[in-house]
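Here the structure comes first, spelled out in structure tokens, and everything after it is commentary.
Just so you know, all these numbers are worked out from the coordinates, no wet-lab data involved. Nothing here was measured: the structure is a model prediction, and the numbers come from that model. Note that each Cβ is placed from the backbone with ideal geometry, even for glycine, and that neighbours are counted across all protein chains shown.
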Amino acid sequence: MVHNQSPSDTRAAVPVPAAKWKTLAACLQGAGILFLAASFAGSWWHAREFLHGWLFSFFFFFSLCSGALFWVLLHYVTNAGWGVVVRRQAENVASLFPWVALLFLPIGWDVFWGHHLYEWTSPALAHDPALLAKSAYLNLPFFCLRAIFFFAFWILAAHFFWNSSRLQDGDGDPWRTVRMQKASYGLLVVYGACMTFAAIDWLMGLDFRWGSTLWGGYVFVGAAGASLSLWILIIVWLRERHHLPQVNEEHLHLMGKLLFAFTALWGYFAFSQYMLIWYANIPEETYFFIRRNFGSWNWLAIGLVLGRFFVPFLFLLPQATKRNPRMLALAAGWVLGMQAVELYWLILPRVFEKAVAIGWLEIAVWAGMGSLMAGAFLRRLLSCELYPLRDPRLRESVEVIS
Amino acid sequence: MPIAEERVEKGESGSTLLARPELVLNQREASWVTDAVCSLVEKPAPLWWWVAAGAFGLLAAAVPLVVVYFVSTGLGVWGLQSPVFWGVAILNFVFWIEIGHAGTLISAILLFTRQRWRNSVNRASEAMTIFAVLCAAVFPLFHIGRQWMFWYLVPVPESYAVWQNFRAPLLWDEFAVGTYFTVSCLFWYFGLLPDIASLRDRATKLWKKRLYHVLCWGWTGSLRAWRHYEAGYLCIAGVVSVLVISVASVVSTDFATTVLPGWHTTIFPPDFITGAIFSGFAMIVTLMVPLRAAYPGLKDMITAKHLDNMAKVLLATGSLVGYSYLIELFIAWYGANPYERYTFWNRITGPDRCTYFAMFGFNVILPQIFWFRFCRSHPWILWTSSILINVGMWFERYSIIVVSLERDFLPASWRHYLPTWVDWGLFFGSVGLFFFLFLLFLRVLPTISVAEIKTLLAKPKGRRTREAAAGESGFRPGQEIYGLGAEFSSEEELRRASEETRKKGYVWWDAYAPYPIHGMERAMRLPKSRVSFFVLLGGLLGLLIGIAMVTATSIPRPPLLQSLTTGQLQGLFYATVVQGKPYFSLPAFVPVLLELTILFAAFSGFLAVVFLARLPRPHHPVWNWGELSRRATDDGLFLVIEARDPAFSPIESRQFLESLGGRRLTFIPR
């Protein structure tokens, strides 16, 4: 097998402290379960706030996983070579989808019994003409069927890529790459449909009277950017600890350029949606923004424009910041935080109608899910190699010049 | 061990499937590329060219004839009637402007996504962009009715102190299309500079040589200039990528900012972009497939892989366009607004339903054939589909614009729209004009970017073997020396020689190459080019000018200024309430501000390159060496040490360059 020479490493990789991280993962997951259990207790008093906070956190981590799957798919669809060294970590994040599905369960409960999140699920509205007009789509059986389909697709697709890539580490069969490439085209189409309708079902559906054709694209672009940020953070973290010395500044530069592009793309999508609705000023749709451009929520909205677009855009504009691991990590962490702010701004005005507020419930749920997912990710990280050892494009990736 | 053997074979075939294809076939050399591309311009036009140019020229003649007719009679001869006041004229505007987008996309966005196959098609597609925008501009220009009042659209300080409404999408259009046209021309011309220099060095007639020399600003091929050039190209490409996205979006806001059902939808900006890329790529395929057939020599540069890639782009963008159609349908239903639902129902089942089906069939279903390699690899299938796709895109605009307008809110005023022969004359005239201009372009300028193709060559080794005429650049004793030149036979050698020359302590020296060589800035230890800084400055200047302009002309006169300034300055302030929008409407000002930023950034980038690279240059002493003046823009790699360098000594420097592998060492007279 001549085509699988391992690239010449200039620095030797420091092995991952597996035992230490295994304990850490267990601790994290334990803490996560503890946090979530505590927040469940709090739901007794503030069920509505709890569920919205839960949806906020759920969607945050969902967007990270679904974005990661997009980056893996994009790698194969575009026949890319540069990202082989870093691809495994995106595969790892995407393969956490079973956990995301688990976190969906409280939302599923609310749809049937709680009716705090989605107004249309409430029996009180069963004869509302506005709802009846769209009940062919907004009905409980179809909603559940869609959710099951989305998760089934995402779990299987993510597992397929993760597993094939992992198996390739063992046998170095280039056909695995060919097969994944062939599968990726069709899967990307299904992925696009799932992402669109998941965004419509779980976020836009919070208010069934409101609709926007760009919604799916808007949510997707935000998710892809946030997930890319997480990916960058993981890669920089592994690199700084010398576990992944194959990653050099060229890879960081390329990822930084992608983050820059997706920052601009987010700005474009968000502005297009906002400007058109603001300009036409039709009461039945413009109230979506009026509600969010009111009181302290308006300050948050302005902060979002500055923080989610202008700050990372200007920060990532010079070449130097994209090639400097610390600077890039700073930008990525910032974008990740802004993704949380954005989702908060989209979801929580339904609970805190008058002013921005953050309760301990939201924090507990977010921290709980975060630790749970971080622990799950660490386990995944330890379960396979840090990069695809025998990918046919590995050499191209290691020698890439940005 | 049959199983193991089979596995090895399978593994190897997998690797071949994954191997990167060569972008220039048959191991071509740099000199071959120059010959192949420049000969299209230099040789007399073939018969088919005269036939095609004649036919399309005749068709293009319809434009002035029809224009004279309807300007002298009035726009009543168009098919416009209430309620359809935007007919095929606006449709054709959108159609052409979007076709133009693929050219800029290929030049700029594919450059950033590292799709190097773009290098052989970007020049032709940039030309296509310019011609398409030109065709597009015809329609709104005449649609305004009183064409002699065109200048009312332009913010010129005039005595009435009446200003444009910068909150209006139609004015954004003017800024967007104007910027798009100028910046596209600039970018195209910028890319052409080294290629015009190639033409200059090959020209045999003096007047041609002089003309090309002026046009390329005296390009030498110096690697110090190439560094600024590359940085400038990247910067302008970055600016242009934003531009291409903004223009299609601004065009979409003509429709999407209204409250009309079927027009007001948030996905329109990205939808118009994907539609633009889609139709533009289809047009490139329409042009490239016959071009390859007409000049088989180009097939080594525009390979089957290129067609395959373009077909894949058509598939991807066609599917994205389909996504928009479907999500529009879904949200129209989901929104449950009866007017919105009716508009789409009318598009699908109304009297013009054939346009909807043509649009859906040609734009969404037809490109799906490109899932199969067979359809991607057959030029005839590809070419036919590319034409049908543009027919479909035309019907898409018909369905959006005309079919929505035919059914307005008052059923009593519903009316079926029919374009008249004048409308058709103008449209087909513009088609003729487009192809006629493209044919002219083929004969005047290099159709393929010569310098950029050369960066793709596997081994640009083989030299043009031409015996240097003795004494042509001979150094006569007693003549003043400019410097000592040497030729090197490979990039690697030139890189090494540059490094050694620098280390030796030479300061006044330069390397010359027909294309930028990677790693030279490190070998020559050149500082980072400062072009990006000037681009940023230019952009900021444009932004500030824009902010000053839109703010002053939209807000009431500040009382503070009344006592301090003259009436003329106060005339700038022109507060009007439009659609109940605030005087200072930031979201509505963004398009104009963005376009002005881009316009200034692009031009300052161009000027920065020109001045940082010490252009324009009427004469350069290195051209006294005939070998260099002929081949520095063709296939020669040269290094010249100037005599004014303190370390220069005719004998030692000569030995030094010889030891580095330099050939044809020549003392260049001043």
Residue by residue through A:123-135, how many Cβ atoms from other chains fall within 10 Å of the Cβ on average? 1
Measure nothing fancy, just the Cα-based angle from helix B:47-60's long axis to the longest principal axis of chain B, in degrees from 0 to 90, nearest 10. 30 degrees
Checking rank on B:174-187, A:329-342, B:493-506, with mean other Cβ inside 10 Å and highest first, the result is B:174-187, A:329-342, B:493-506
Give me a single rounded figure for B:332-340: the average over its residues of other chain Cβ atoms within 10 Å of their Cβ. 5
Looking at the calculated P(r) for the stretch B:75-198, what percent of the C-alpha pair distances fall above 26 Å? 36 percent
Straight-line reach from B:Lys581: which lysines have Cα under 30 Å away, leaving out those fewer than 8 places along the same chain? A:Lys354
Inter-part gap, Cα centre of the stretch B:61-123 to Cα centre of the stretch B:230-268, in whole angstrom, is 15 Å
Place a +1 charge on the Cβ of each Lys and Arg in the protein assembly as shown and a -1 charge on the Cβ of each Asp and Glu, then give the dipole magnitude about the Cα centre in debye, rounded to the nearest 20. 1860 debye
Evaluate peptide A:267-279: per residue, the Cβ atoms of other protein chains within 10 Å of its Cβ; return the mean as an integer. 6
What do you get for the angle between helix B:88-104 and the principal long axis of chain B? Use alpha-carbon atoms, 0 to 90 degrees, nearest ten. 30 degrees
Extension length gain for B:His620 and B:Phe409 (0.36 nm per residue less Cα distance), in nm, is 68.9 nm
What 222 nm value per residue comes from the helices of chain B, counting each DSSP H run with n ≥ 4 as -39,500 (n - 2.57) and dividing by all residues, nearest 500 deg cm²/dmol? -20000 deg cm²/dmol
Distance in nm between label sites at A:Arg241 and B:Trp371, each 7 Å beyond Cα in the beta-carbon direction? 4.4 nm
Where the only charges are on Cβ atoms (+1 Lys, Arg; -1 Asp, Glu), what is the dipole of the stretch A:16-398 about its Cα centre, to the nearest 20 debye? 840 debye
Quick one: Cα centre-to-centre distance for the stretch B:362-378 and the stretch A:115-180, in angstrom? 29 Å
Between B:Leu536 and B:Asn26, how high is the FRET efficiency from 1/(1 + (r/R0)^6) when r is the Cβ-Cβ distance and R₀ = 41 Å? Nearest 0.05. 0.40
Only helical DSSP H runs with n ≥ 4 go in: add -39500 (n - 2.57) per run for chain A, normalise by residue count and round the 222 nm mean residue ellipticity to 500 deg cm²/dmol. -24000 deg cm²/dmol
Where does each of A:14-25, B:438-449 land if you order them by average Cβ count within 10 Å, highest first? B:438-449, A:14-25
Against the longest alpha carbon principal axis of chain A, how many degrees, from 0 to 90 and to the nearest 10, is the axis of helix A:360-383 turned? 30 degrees
If packing is taken as the average count of other Cβ atoms within 10 Å, what order do A:137-148, A:44-55 fall into, highest mean first? A:44-55, A:137-148
